[in-house]
Amino acid sequence: MTLPAPRDRQQRTRDTLAKLAEPAADVWVATASSSGSSADPYLVPLSLAWIDERAVIAVESSSRTARNIHSSRTARLALGPTRDVVVIDARLEQSIVVTAAQELAERYARQADWDPRSAGDSYRFLVMRPERIQAWREANELPGRTLMRDGTWLT
């Protein structure tokens, strides 16, 4: 099998930003509590909105995902298929009841294609600041896969 030539960092960054801005983007969210127990790791699929260079998800306030992110302040998000993946290590910046954030809720609903405000105060927006973003398609793109480090784009 002949692999396509690897993309340069600028093209990968453009492709990543386009993928993050897609409507109805789904993301796998991996979390663990701050206790570090081996029973803690947890993985769920959620809707993603990319708003002002932040990853925004809506979760039920009492969910294990919300508890883990509030506890550890971190999450790993992955989107795309195995051969065109974007992985984001993010830090919790804000946790907001969905009914208390009208502008954010409107922007989230437009991109995510659902509106968690219909669930009332039981849902929260978790606004996460990316600290590291990696993207690759095939093994030949593993070198140079890091596009953001310490919250700063490398382009």
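The values are calculated or read from the model by the stated rules, or taken from the named source; none is laboratory data. Note that the structure is a prediction, hence the values are computed from the model and not measured. Positions of Cβ are generated from backbone atoms using ideal geometry, with glycine treated the same way; all protein chains shown enter the neighbour counts. To get the accessible areas, we keep the full protein, side chains included, count just its heavy atoms, and leave off ligands, DNA and RNA. Shrake-Rupley method; radii C 1.70, N 1.55, O 1.52, S 1.80 Å.
Among the candidates I133, I88, single out the residue that is open to solvent by less than 20 Å² (accessible area, probe 1.4 Å), in contact with a Lys or Arg (Cβ under 8 Å, 6 or more places away or on another chain), at pLDDT 95 or above and closer than 20 Å to L43 by Cβ. Only one candidate passes the filter, namely I88. Of all residues in segment 136-155 being of a type in the set (D, E, K, R) and not in a loop (DSSP other than H, G, I, E, B), which is least open to solvent (accessible area, probe 1.4 Å)? The extreme case among them is E141. Of the residues R54, R64, the single one that is touching a residue at least 24 places away in the same chain (Cβ under 8 Å), over 11 Å from the mean Cα position of the chain (by Cα) and surrounded by 13 or more Cβ atoms within 10 Å (Cβ to Cβ) is R64. Look at (1) out of contact with any Asp or Glu (no Cβ under 8 Å at 6 or more places or on another chain); (2) in contact (Cβ under 8 Å) with a residue 12 or more places away in the chain; (3) outside any helix (DSSP H, G or I) and you find that S47 fails only one, number (1). Could you tell me which numbered condition A78 fails, if it satisfies all but one of (1) farther than 25 Å from Q102 by Cα; (2) touching a Lys or Arg at 6+ places or on another chain (Cβ under 8 Å); (3) free of Cβ contacts under 8 Å to residues at least 60 places away in the same chain; (4) in a strand (DSSP E or B)? With (1) farther than 25 Å from Q102 by Cα; (2) touching a Lys or Arg at 6+ places or on another chain (Cβ under 8 Å); (3) free of Cβ contacts under 8 Å to residues at least 60 places away in the same chain; (4) in a strand (DSSP E or B) applied to A78, the lone miss is (2). State yes or no: is R9 over 19 Å from R129 (Cα atoms) and in contact with a Ser or Thr (Cβ under 8 Å, 6 or more places away or on another chain)? The answer is yes for R9. Please work out if G151 is free of Cβ contacts under 8 Å to residues at least 24 places away in the same chain, of a type outside the set (F, W, Y) and within 27 Å of S34 (Cβ to Cβ). Criteria met by G151.
Under the condition of being on the phi < 0 side of the Ramachandran plot and either over 16 Å from the mean Cα position of the chain (by Cα) or not in a strand (DSSP E or B) (or both), the residues counted in segment 85-120 number 23.
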